[in-house]
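The values are calculated or read from the model by the stated rules, or taken from the named source; none is laboratory data. The structure presented is a predicted model; accordingly, all values stated were derived computationally and were not measured. Because the Cβ atoms are built from the backbone with ideal geometry, glycine has one as well, and the counts that use them run over all protein chains shown.
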């Protein structure tokens with residue numbers, strides 16, 4: 001059992017429940033999730049101020065100081081990053097980061113690429129050869145996993161993702177080769 005959720009279910013009174021659920025920041029802080037949520041809100045604010053082209057890859061950290069919600073300034077992780085670390089903060093969500101750093105143009109391009117990969121996997125799973133059918137399902141599972149993982153990671157430097165999609169893309173290239181139909 002996750003101790004964060006266990007604490008949530010040990011609320012003693014209605015007043016304590018109302019206090020916790022009165023603000024999303026207080027609730028997430030209670031669940032030890034507030035830092036991540038504050039980073040997401042900051043990324044969303046950066047996107048709202050630069051919606052078309054974003055701020056450029058790896059540049060969101062430069063805008064964090066003005067984008068961070070007031071609640072975030074008393075969270076220990078945020079204070080540690082700003083006052084003791086030499087690194088810039090990051091958004092901690094691939095989807096919000098894509099919006100903030102590349103804007104609608106970059107996000108749309110990424111979603112278009114993702115859609116092509118999904119359609120390719122969807123059609124490959126209907127192939128007559130078992131190997132290609134398995135690779136099609138494999139591609140679908142990788143894409144679904146990446147959607148969910150994108151809410152907790154914010155990097156393209158995930159080797160397993162690119163190796164997996166590389167295998168899947170190579171299988172698609174083999175299927176499109178007319179000489180291999182013999």
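Summary table below
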read-out: Selection from region 79-88 of residues that are modelled with pLDDT of 85 or more and touching a helix residue (DSSP H, G or I) at 6+ places or on another chain (Cβ under 8 Å); value: 79
read-out: Residue 126 being in contact with a helix residue (DSSP H, G or I) (Cβ under 8 Å, 6 or more places away or on another chain) and either crowded, with 20+ Cβ neighbours inside 10 Å or in contact (Cβ under 8 Å) with a residue 40 or more places away in the chain (or both); value: no
read-out: Index of the failed condition, residue 112 passing every other in (1) surrounded by 13 or more Cβ atoms within 10 Å (Cβ to Cβ); (2) farther than 21 Å from residue 91 by Cα; value: (1)
read-out: One residue from 107, 83, 132 being within 25 Å of residue 35 (Cα to Cα) and more than 15 Å from the chain's Cα centre (by Cα); value: 83
read-out: Where residue 48 falls short, out of the listed (1) within 24 Å of residue 158 (Cα to Cα); (2) surrounded by fewer than 14 Cβ atoms within 10 Å (Cβ to Cβ); (3) under 19 Å from the mean Cα position of the chain (by Cα); value: (1)
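For every residue, the table says whether it meets (1) in contact with a helix residue (DSSP H, G or I) (Cβ under 6 Å, 6 or more places away or on another chain); (2) within 30 Å of residue 10 (Cα to Cα); (3) outside the structural domain of residue 151 (by TED's automatic domain parsing).
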residue: 74; (1), (2), (3): no, yes, yes
residue: 77; (1), (2), (3): yes, yes, yes
residue: 99; (1), (2), (3): yes, no, no
residue: 105; (1), (2), (3): no, no, no
residue: 115; (1), (2), (3): no, no, no
residue: 119; (1), (2), (3): no, no, no
residue: 122; (1), (2), (3): no, no, no
residue: 140; (1), (2), (3): yes, no, no
